1. Got a number for residues in segment 434-448 being among the acidic types (Asp, Glu) and under 26 Å from the mean Cα position of the chain (by Cα)?
2. Report yes if residue 396 is aromatic (Phe, Trp, Tyr), closer than 22 Å to residue 186 by Cβ and touching a Leu at 6+ places or on another chain (Cβ under 7 Å), otherwise no.
3. Kindly establish whether residue 161 is part of a loop (DSSP other than H, G, I, E, B) and within 16 Å of the ligand (Cβ to nearest atom).
4. Show the residue pairs meeting these rules: Cβ distance below 8 Å; 6+ apart or different chains; first residue within segment 422-446 and touching a residue at least 24 places away in the same chain (Cβ under 8 Å) and within 14 Å of residue 383 (Cβ to Cβ); second residue surrounded by fewer than 21 Cβ atoms within 10 Å (Cβ to Cβ) and polar (S, T, N, Q).
5. Sort through 64, 117 and tell me the only one that's assigned by TED's automatic domain parsing to the domain that holds residue 239, among the acidic types (Asp, Glu) and touching a residue at least 60 places away in the same chain (Cβ under 8 Å).
6. Pick out the one residue from 478, 444, 511, 470 that is at positive phi and β-branched (Val, Ile, Thr).
7. Quick one: in segment 167-195, which of the residues that are over 29 Å from residue 101 (Cβ atoms) and surrounded by 19 or more Cβ atoms within 10 Å (Cβ to Cβ) is nearest to the ligand (Cβ to nearest atom)?
8. Please enumerate the residues belonging to segment 29-46 that are over 17 Å from residue 215 (Cβ atoms), in contact (Cβ under 8 Å) with a residue 60 or more places away in the chain and touching a strand residue (DSSP E or B) at 6+ places or on another chain (Cβ under 8 Å).
Amino acid sequence: MHGLMMDTQLSVQLILERAKQFFPKKEVITRQANGNHRYTYADFYQRVLRLASLLQQLGIKPGDRVGTFAWNNYRHLELYFAIPCIGAVLHTINIRLAADQLTYIINHAEDQALFFDPSLAPLVKQFAPHLETVKNFIVMDEIPIEELNAQSYEKLISEQPTDFVLPKITDENMAAGLCYTSGTTGHPKGVLYSHRSIYLHSMAICMADMMGLCERDRTFPVVPMFHANAWGYPFASALVGATQVFPNHFMQPRDIIQLIEQEKVTVTAGVPTIWLGIMALLEHENFNLENLRLIVIGGSAVPVSMIEYFQKRYNIPVVQAWGMTETSPLGSIALVKSNLLSLSDEEQMSYRVKQGIPAACVQIRAVDDDGKEIEWNGEARGELQVRGPWVAKSYFNTTERAEAFCDGWFSTGDVVAIDPEGYIAIVDRTKDLIKSGGEWISSVDLEIALLSHPKIQEAAVIAVPHEKWVERPLACVVPKPAYSEQFDKEEVINYLKSKFAPWWIPNAVEVIKEIPKTSVGKFDKKRLRIMYQDFQWPVG
Ligand code: ADP
């Protein structure tokens, strides 16, 4: 039987209207050099309408891509809503990429207009001459930039009416957003999000057993708005009427933690490297974090020491989430189910360091090299596949890696074990696994152990070619400043020996100043592998 329920089309517009209608007094706060900028959802709504009107005036049509090249701030939030609300596609562009990658991405997306923060103008100048489709450059500021022929955002929207009527979004499956993966292999690939996927993903984040975002929250995504929609926080926060706090370009650990303190942030989210920096700062300085009720960490494996640090020192739970640009990004989250709460702290921790159980609507399975589904016994390993209403069905306008989408499942490239409780544990990314004498060694397991060592600040383990074993693990570590002078590699090796089988132990430890980071702030193991491709193993 059909037609049992109304066919309300889920859309970003519904989120916007709800924020304005029911939470008009709630605030959006952005850090600025001269004090924090703050306004209400009511003010925000007026500006979104002006912006939507401007977009139409610029000739942006439904389906057109519009690029944003910006930090996390209120103008970026306005674009997050105005672009999809006229039926166009919000293309968030990674500001940490090099000019030639940016040229490729913007041309491939065929962006019709580009909105950028004034502080990023020097980079825009490098790639602007190579752009083939962008007709309008708009600088997110009061002052235009003549050299780039970029008009002022503020001036343009001030000329627009506030009674603009948004066109109706009649099909929830229309594209609303576009985000490119960071392209660790091949070209960066685009993932299109629909109005429906954004709406459902927002609801999922707000479920109590996920991140439980709610009206009382003051959310602060440290994760950039160009990285998988800041993990969905801007949309989900507006849906529930939460106060939103944005750091703008003030992204040093002290800036972040001060903003959390000042604005009484309750929920924040980011990759582990951010929190490593913050933990180093908290060793020496005190901040009041009493309002923080949840820190969501994902994007890379979370070390035990990080979970324990915030729990024991500040009584703040750290929850690990797993996801990808291709999964909007929420795939799974490591909540501890109540039947596991009777276990010892140590046993519970063994679940919290896993990547968790899938979000509602997301289904999982893992398959071995022969394409056979693995058993969920916590031991068998296979590549994780996922499906669900906010998982991509294909990459945008390319046949590259089309094989990742097969039988209605998306192959993630993550090797996992799944336990009988349904918890996923990422063993490694397929490309980061270390193949030693026909056996796999998990770089992730070694890294999370190293990062829990009291003298280590950063750590990454990579495969380096080896004559006898094909590949062997090399550990690259950055000592904490207090130990940089007298760092004992042997102590680190002995520490690992107490935790892993002998053949897992890295053949060498390299002490370095910094581990290179990717454009989304993760340890860049691809670059490390290139740096150490000719590494000579110590003899013996
Ligand atoms: P990038 O490829 O730049 O890292 P994504 O953010 O889309 O871009 O990365 C997704 C990948 O990040 C996943 O496939 C997985 O390998 C890794 N990842 C994400 N969350 C976690 C996590 N909690 N633990 C371990 N790895 C994770």
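1. Looking only at that region, the number is 2.
2. Criteria met by residue 396.
3. no
4. Close Cβ pairs satisfying both conditions: 431/184; 431/185.
5. 117
6. Going through 478, 444, 511, 470 in turn, the sole match is 470.
7. That would be 172.
8. Listed by number, the residues that qualify are 30, 31, 32, 36.
The values are calculated or read from the model by the stated rules, or taken from the named source; none is laboratory data. Note that the structure is a prediction, hence the values are computed from the model and not measured. Don't worry about glycine lacking a Cβ; one is built from the backbone with ideal geometry, like all the others, and counts go over all protein chains shown.
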